[in-house]
Amino acid sequence: MLPDLQPPTAFLSLSFAAVMASAILPPLLFCLVLLVSPYLGSSSYHTSYTYDGKHYVIRSNRDPRQPKQTPTCQRSSSDGLPVLHRLSPCSPHGAAAARSQETTTTSVADVLHRDALRLRSLFGDKDNHGAPAPAPSAPGGVVSIPSRGDPIETLPGAFEYHVTAGFGTPVQEFTVGFDTLTAGATLLKCTPCAATERCNEAFEPSASSSVRQVPCGSPDCPFHSCSGSPSCTFSMTANNTLLGNVTFLTDTLTLASSTTLDSFRFACLEAGFRPKNNSTGVLDLSWNSHSLASRAPAILGTAAFSYCLPSSPDTMGFLSIGPPKPEVSGRKAIYTPLRTSSYNGNLYVVDLVGLGLGGPDLSVPPAAFAGDTLLDLRTTFTYLRPEAYAALRDGFRGRMSQYPTAPPLGKLDTCYNFTGLNMFMVPVVTLKFDGGADVDLSTDEMMYFPDPDNHFSIACLAFAAAPEHAEVAVVGNRAQASTEVVYDVRGGKLGFVPYRC
């Protein structure tokens with residue numbers, strides 16, 4: 001970071017000769033470029049700073065992250081449960097890939113495929129197959145279990161981020177995902193397993209002294225009828241073949257040595273259901289009345305939960321249940337009103353009311369922001385209503401006309417080639433939420449670099465148009481990275497604290 005530099009009021013030319021000839025460059029920046037230019041060569045390292053609504057990225061001959069820190073794979077954090085990206089060397093998936101010497105990078109095709117599956121699960125598949133969107137659910141208590149297939153696998157990208165949680169007495173620890181847009185229940189792989197699958201990473205109910213069956217017909221059982229059992233169990237079949245069972249239990253949930261929740265309800269996935277990416281389940285943080293968020297202590301000055309997503313697989317974030325509100329801890333947060341969706345009472349929604357680009361607001365018709373806005377943990381990119389995205393895309397292209405363009409990467413249709421440049425600039429994208437909460441996105445939050453270690457290559461605007469029939473905007477996890485997102489559910493507001501992890 002170069003926080004004290006005062007960049008020129010005119011655009012900084014990316015041609016080094018032009019940079020050297022510019023008389024309006026401040027002396028410090030002039031000297032910096034003069035000193036380092038002979039040594040830059042083809043270095044992929046960079047440093048960056050922000051000024052007057054623009055992000056400036058300058059080529060550097062050293063990695064600003066040096067000395068690199070080897071992840072310590074901590075099991076605890078002062079801010080809450082450590083959060084790992086699925087490709088982290090400390091995560092089961094990343095560690096397994098490292099042992100087998102597999103690549104731990106993700107292609108844009110894989111990211112877009114995950115996003116497409118996630119958007120389909122949110123909005124239905126109307127565009128491709130004519131299938132209607134799911135029927136609305138009643139607020140706060142409904143669980144939606146798919147009628148076929150693996151309940152975890154039908155939550156695409158559910159395991160982009162992991163935490164470690166313990167179930168039962170004595171504690172059985174597992175790596176689980178977490179999400180705010182769940183089917184309405186915490187899901188956990190349990191025994192008995194199918195005869196053809198490994199069962200080493202599954203909860204063993206019979207080994208827990210505190211486990212209890214949820215009776216069929218009780219208020220805690222979401223099924224209208226159970227599969228011939230006094231317990232809350234539902235068997236899934238396809239073509240007369242048993243795919244597996246879902247059984248609701250209650251047991252002790254341990255999030256840290258000092259944080260336990262008794263009689264926590266969750267759905268056991270049995271006899272054939274297996275999660276992807278070496279996760280054992282997913283923690284429900286939705287507005288559902290049985291979610292983990294609903295069990296947060298109602299203590300004055302606390303929020304229901306907060307999370308900070310790591311900005312890369314080499315860094316660590318956190319998930320905190322019942323944390324002090326930022327202002328109580330001396331941190332500044334900006335808030336926007338938080339409410340439930342009229343479409344699905346389990347969902348948290350906010351109102352995106354505008355977009356800024358390089359400071360000024362973009363001219364976007366208010367109708368382009370009608371509908372709900374979701375903050376999603378499983379979607380990587382941010383998807384705006386088509387009219388809003390078109391305004392952002394066109395405005396961004398107009399301010400980036402001096403750079404060579406690159407071919408689109410799937411739905412990412414605004415791409416540039418920064419190869420060979422020593423400096424480039426991008427206008428800051430600002431998400432403007434109701435209540436005056438303006439969130440400025442950093443370079444890595446608003447741009448996608450296929451080679452994340454080399455910003456002087458191909459880069460694309462990390463936004464796309466949402467499906468035509470989707471009257472919802474989705475803010476993806478890339479735009480949320482390194483920001484603490486605070487869910488003050490009782491206070492009816494959502495907060496943002498930048499640069500928290």
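A full extension of the chain between Ser258 and Thr47 corresponds to an added length of 71.9 nm, given 0.36 nm per residue minus the alpha carbon distance.
Taking a ≥ b ≥ c as the square roots of the eigenvalues of the Cα gyration tensor, an a/c ratio of 1.5 or more together with a/b no larger than b/c marks region 447-493 as oblate. In region 264-378, the portion of solvent-accessible area held by carbon and sulfur atoms comes to 55 percent [1.4 Å probe, whole percent, DNA, RNA and ligands not counted]. Modelled label positions at Ser218 and Ala370, each set 7 Å beyond Cα in the direction of Cβ, lie 4.6 nm from each other. What you get for region 255-395, charging only the Cβ of Lys and Arg (+1) and of Asp and Glu (-1), is a dipole of about 240 debye around the Cα centre. Accessible surface computed residue by residue for region 185-271, with neighbouring protein chains in place and a 1.4 Å probe, gives 49 Å² per residue. Once the chain from Glu471 to Cys199 is taken as fully extended at 0.36 nm per residue, the excess over their C-alpha distance is 93.8 nm. Per-residue surface analysis assigns Tyr49 an accessible area of about 10 Å², computed on protein heavy atoms at 1.4 Å probe radius.
Given +1 on the Cβ of Lys and Arg, -1 on the Cβ of Asp and Glu, and no further charges, what dipole in debye does region 158-217 carry about its Cα centre, rounded to the nearest 20? Show your work: numbers first, answer last.
Values: 3 positive and 6 negative charges, 42 e Å.
The calculation lands at about 200 debye.
Nearest 0.05, what FRET efficiency do Asn417 and Ser312 give at R0 = 25 Å with Cβ-Cβ as r? E between Asn417 and Ser312, to the nearest 0.05, is 0.65. Just to confirm my numbers, what's the Cα centroid distance between region 374-389 and region 390-449 in Å? Cα centroid to Cα centroid, the span is 15 Å. Of the listed residues Asp284, Asp220, the order by accessible area with a 1.4 Å probe, largest first, is Asp220, Asp284.
Here the Karplus relation 6.51 cos²θ - 1.76 cosθ + 1.60, evaluated at θ = phi - 60°, turns the backbone of region 300-305 into coupling constants of 4, x, 10, 9, 5, 6 Hz, with x for every Gly and Pro.
Below 8 Å between Cα atoms, with a sequence gap of 6+, how large is the relative contact order for region 187-236 in percent?
23 percent
Split the accessible area of region 383-486 by element, probe 1.4 Å, and carbon with sulfur accounts for 49%. When Ser60, Ser342 are compared by accessible area of protein heavy atoms, the largest-first order is Ser342, Ser60, using a 1.4 Å probe.
In sequence order, region 391-398 has phi-based couplings of 5, 5, 4, 5, x, 5, 4, x Hz under the Karplus curve 6.51 cos²θ - 1.76 cosθ + 1.60, θ = phi - 60°, and Gly or Pro positions carry x.
The modelled label-to-label distance between Ala207 and Thr191, using points 7 Å beyond Cα along the C-beta direction, is 0.7 nm.
Can you give me the accessible area per residue for region 354-485, using a 1.4 Å probe, in Å²?
32 Å²
The overall shape of region 166-263 is prolate: from the C-alpha gyration tensor, with semi-axes ordered a ≥ b ≥ c, the ratio a/c is 1.5 or greater and a/b exceeds b/c. Put Arg198, Arg399, Arg478, Arg490 in order of accessible area, highest first, and with a 1.4 Å probe you get Arg198, Arg490, Arg399, Arg478. Give the shape of region 279-421 as rounded, prolate or oblate, defined through the alpha-carbon gyration tensor: a ≥ b ≥ c are the square roots of its eigenvalues, a/c under 1.5 means rounded, and otherwise the shape is prolate if a/b is larger than b/c and oblate if not. Verdict is prolate for region 279-421. Label positions at Thr405 and Tyr343, each projected 7 Å from the Cα along the C-beta direction, are separated by 3.1 nm.
Derived scalar couplings between HN and Hα for region 317-322 equal x, 7, 10, 10, 9, x Hz in order, rounded to whole Hz, by the Karplus curve 6.51 cos²θ - 1.76 cosθ + 1.60 (θ = phi - 60°), x for Gly and Pro.
Remark on His55: its backbone amide H falls under 5 Å from those of Val426, Val428, a criterion applied only to residues 5 or more positions apart or on other chains, H modelled at 1.01 Å from N.
The values are calculated or read from the model by the stated rules, or taken from the named source; none is laboratory data. In this text the structure is predicted, and so the values were computed from the model without any measurement. Positions of Cβ are generated from backbone atoms using ideal geometry, with glycine treated the same way; all protein chains shown enter the neighbour counts. Protein only, heavy atoms only, side chains kept; ligands, DNA and RNA dropped before computing areas. Shrake-Rupley method; radii C 1.70, N 1.55, O 1.52, S 1.80 Å.
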